[in-house]
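So the structure is just underneath, and the comments pick up after that.
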Amino acid sequence: MHPTRLSDLSEGELLRRLFPVYDTAKGGPAQVLLGPGDDAAVLAAPSGAVVLTTDTMVRGRDWLDTWSSPQEVGHKAVVQNVADIAAMGATPTGLLVALAADPATEVDWAVGLAEGIAAVAREAGAPVLGGDLSSAGEGSVLVAITAIGDLGGRAAVRRDGARPGDVVAVCGTLGRSGGGLQLLLSGHGRTHDDGDPGAGADATLRAAHELCLAHRTAGRPPWEQGPVAADAGATSMIDLSDGLVRDLGRVARASGLRVELSGEALAEHAIHLRDVEGFDRPPRKTKSRAKKA
């Protein structure tokens, strides 16, 4: 049976397929005064300040279909935006979704993307408020997410607020997403076309591989800890999507500081055999100190 493609449906027909998926993302703490279906959505801003961020993902550059299901693409598109909201000390309250795709793209892929977006939106309490659909060139798919957040009355925690003597703390894990990418690039990761090419590997090694691959394709940053850190007095925060050294360097430059990292503390984040038993180990904290440049 020939799969239904985007070109087989009108925009209205496609939206009627997608809106019920996004409807499941409603019910969070956000005060949605007007949702999808009009010229624009209306969202209450209880604190009087709105935090905004946006990211774009392009097929072939930011993901490959052989590595990621459409649900995983949607998951990744949302979490990287929600993490940026959290890094300001804010709580996510809503999302806008834009999709530009080759008309030959299967409708089931677009619905799967919406399912991945809706699942994270529901968990984060940030309903999908609307967005945009457009066609793109042959083979092209572009997904753009705009996330909206509320500071809850607190001041935004900026990159340039670090002070000499501050302790650098990491919430979550380090390096596992990068490790998953290296596995995929080297051909040792799972693919959605060929199954698991590492099926004959040692069980412990395969579990460690899967740990990294799960962080790469469907990682879950601890976004709820952003407001917690802000309330605890964090002077500067940043999302570590580009890695500890690069992103911490951005904080240092913005704050006019240099930062000394502890190699011993960083070594604790390496994947050891004891980590492979499960994914639910409590996050460790890496500590170091900021010094005046």
Quiz prompt | Matching option when the condition is of a type outside the set (A, V, I, L, M), modelled with pLDDT under 95 and under 28 Å from Glu224 (Cα atoms), among Gly139, Gly112, Gly125, Gly187 | solution = Gly125
Quiz item: What residue, of Arg253, Arg220, Arg258, is at pLDDT 75 or above, in contact with a strand residue (DSSP E or B) (Cβ under 6 Å, 6 or more places away or on another chain) and among the basic types (Lys, Arg)?
Solution: Arg258
Quiz item: Based on what the data block shows, is Thr54 open to solvent by 70 Å² or more (accessible area, probe 1.4 Å), under 22 Å from the mean Cα position of the chain (by Cα) and in contact (Cβ under 8 Å) with a residue 40 or more places away in the chain?
Solution: yes
Quiz item: Which pairs have Cβ atoms under 9 Å, sit 6 or more apart or on different chains, and link a residue in the stretch 241-270 that is on the phi > 0 side of the Ramachandran plot to one that is exposed (fewer than 12 other Cβ atoms within 10 Å of the Cβ)?
Solution: Gly256/Lys292; Gly256/Ala293
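Would you confirm whether or not the stretch 140-150 contains a residue that is over 17 Å from Leu43 (Cα atoms) and part of a loop (DSSP other than H, G, I, E, B)?
Let us first name the residues in the stretch 140-150 that are over 17 Å from Leu43 (Cα atoms), namely 140-144.
Then keep just the ones that are part of a loop (DSSP other than H, G, I, E, B); that gives 140.
Yes, the conditions are met somewhere in the stretch 140-150.
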Quiz item: Being more than 22 Å from Gln31 (Cα to Cα) and among the charged types (D, E, K, R), is that true of even one residue in the stretch 84-96?
Solution: no
Quiz prompt | So Ala49, is it open to solvent by less than 50 Å² (accessible area, probe 1.4 Å) and closer than 18 Å to Gly152 by Cβ | solution = yes
Exercise. Could you tell me which numbered condition Val73 fails, if it satisfies all but one of (1) touching a residue at least 24 places away in the same chain (Cβ under 8 Å); (2) over 19 Å from Gly219 (Cβ atoms); (3) of a type in the set (A, V, I, L, M)?
Key: (2)
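Given the criterion more than 14 Å from the chain's Cα centre (by Cα), open to solvent by less than 10 Å² (accessible area, probe 1.4 Å) and among the β-branched types (Val, Ile, Thr), identify the matching residue among Val107, Val78.
Matching residue, one of Val107, Val78: Val107.
Every residue, every condition in (1) in contact with a Pro (Cβ under 7 Å, 6 or more places away or on another chain); (2) under 14 Å from Ser7 (Cβ atoms), yes or no:
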site	(1), (2)
Ala101	no, yes
Val107	no, yes
Gly112	yes, no
Ser134	no, yes
Val143	no, no
Thr146	no, no
Gly153	no, no
Exercise. Kindly indicate whether any position in the stretch 58-66 is closer than 19 Å to Val143 by Cα, of a type in the set (Phe, Trp, Tyr), open to solvent by 50 Å² or more (accessible area, probe 1.4 Å) and at pLDDT below 95.
Key: no
Quiz item: When you scan the stretch 1-103 for strands (runs of 3 or more DSSP E) that lie fully inside it, which ones turn up with 1 or more residues that are of a type in the set (S, T, N, Q)?
Solution: 50-58, 91-101
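The values are calculated or read from the model by the stated rules, or taken from the named source; none is laboratory data. From a predicted model like this one, the values you see are computed outputs, not experimental measurements. Note that we place each Cβ from the backbone using ideal geometry, even for glycine, and neighbour counts take in every protein chain shown. What goes into the accessible areas is simple: the full protein's heavy atoms, side chains included, and nothing from ligands, DNA or RNA. Shrake-Rupley method; radii C 1.70, N 1.55, O 1.52, S 1.80 Å.
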